[in-house]
1. Can you tell me which of (1) loosely packed, with under 10 Cβ neighbours inside 10 Å; (2) in a helix (DSSP H, G or I) is the one Leu109 doesn't meet?
2. Hey, any hits in segment 93-113 for a residue that's touching a strand residue (DSSP E or B) at 6+ places or on another chain (Cβ under 8 Å) and closer than 27 Å to Val53 by Cα?
3. Determine whether segment 28-35 contains at least one residue that is in contact with a strand residue (DSSP E or B) (Cβ under 9 Å, 6 or more places away or on another chain), assigned to a helix (DSSP H, G or I) and exposed (fewer than 10 other Cβ atoms within 10 Å of the Cβ).
4. For segment 37-53, check the following and say yes or no: at least one residue is at pLDDT below 90, surrounded by 12 or more Cβ atoms within 10 Å (Cβ to Cβ) and within 24 Å of Arg98 (Cα to Cα).
5. Just the residues that are buried (at least 17 other Cβ atoms within 10 Å of the Cβ) and modelled with pLDDT of 90 or more, please, taken from segment 120-131.
6. I'd like to know if segment 42-55 contains one or more residues that are polar (S, T, N, Q) and not in a loop (DSSP other than H, G, I, E, B).
7. Kindly indicate which of Ala15, Ala56, Ala80 is within 30 Å of Asn130 (Cβ to Cβ), modelled with pLDDT of 85 or more and among the aliphatic types (A, V, I, L, M).
8. Scanning for something closer than 21 Å to Leu119 by Cβ, free of Cβ contacts under 8 Å to residues at least 40 places away in the same chain and surrounded by 14 or more Cβ atoms within 10 Å (Cβ to Cβ), does segment 2-24 turn up at least one residue?
Amino acid sequence: MVYCSKCGKKNPDDAQYCDKCGVKLITESQLEKNIDDFGEEIEQIGKKIVKTVEDATSSSKSTDGKPKKLYRSGKDKIIAGVCGGLAEHFDVDPLLVRVIAIVLLVGSLGFMMLAYLLLWVIIPRNPEHNW
């Protein structure tokens, strides 16, 4: 017997569609194959996540393996260099950091403005950049 996943009706083993609601039936072997395929996809996604995390953690280290210091950027600044400095530290595009900051500013009802000002005060200027 094959049970319909939609209505729960028992159908004969050789049925392809449910007699009651017309939904295509899945046999046990098809279900097991789908579960195996899903498990493989989950494993691949897990491997991609691990690689992404490893890449992200390695990008916040300098060439000698020590953690990079977080500075405000003098090269890529618009207001105070906070977004540019975060982008340099995490090795991402500054535009992406700025867009995220603007979305957070609008979504946080001004809390992000306070956070930006706090970061402006706390994060030191990059001594290698012209100010």
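The values are calculated or read from the model by the stated rules, or taken from the named source; none is laboratory data. What you are looking at is a predicted structure, and each value in this text was computed from that prediction instead of being measured. In this analysis, Cβ positions are derived from the backbone assuming ideal geometry, glycine residues included, and neighbour counts consider all displayed protein chains.
1. Result: Leu109 fails condition (2) only.
2. Within segment 93-113 (the criterion being touching a strand residue (DSSP E or B) at 6+ places or on another chain (Cβ under 8 Å) and closer than 27 Å to Val53 by Cα), the answer is no, since none of the residues qualifies.
3. Yes, that holds for at least one residue.
4. Taking every residue of segment 37-53 in turn, none turns out to be at pLDDT below 90, surrounded by 12 or more Cβ atoms within 10 Å (Cβ to Cβ) and within 24 Å of Arg98 (Cα to Cα).
5. Ile123 - this is the single residue of segment 120-131 that is buried (at least 17 other Cβ atoms within 10 Å of the Cβ) and modelled with pLDDT of 90 or more.
6. Yes, that holds for at least one residue.
7. Ala80
8. No: zero hits.
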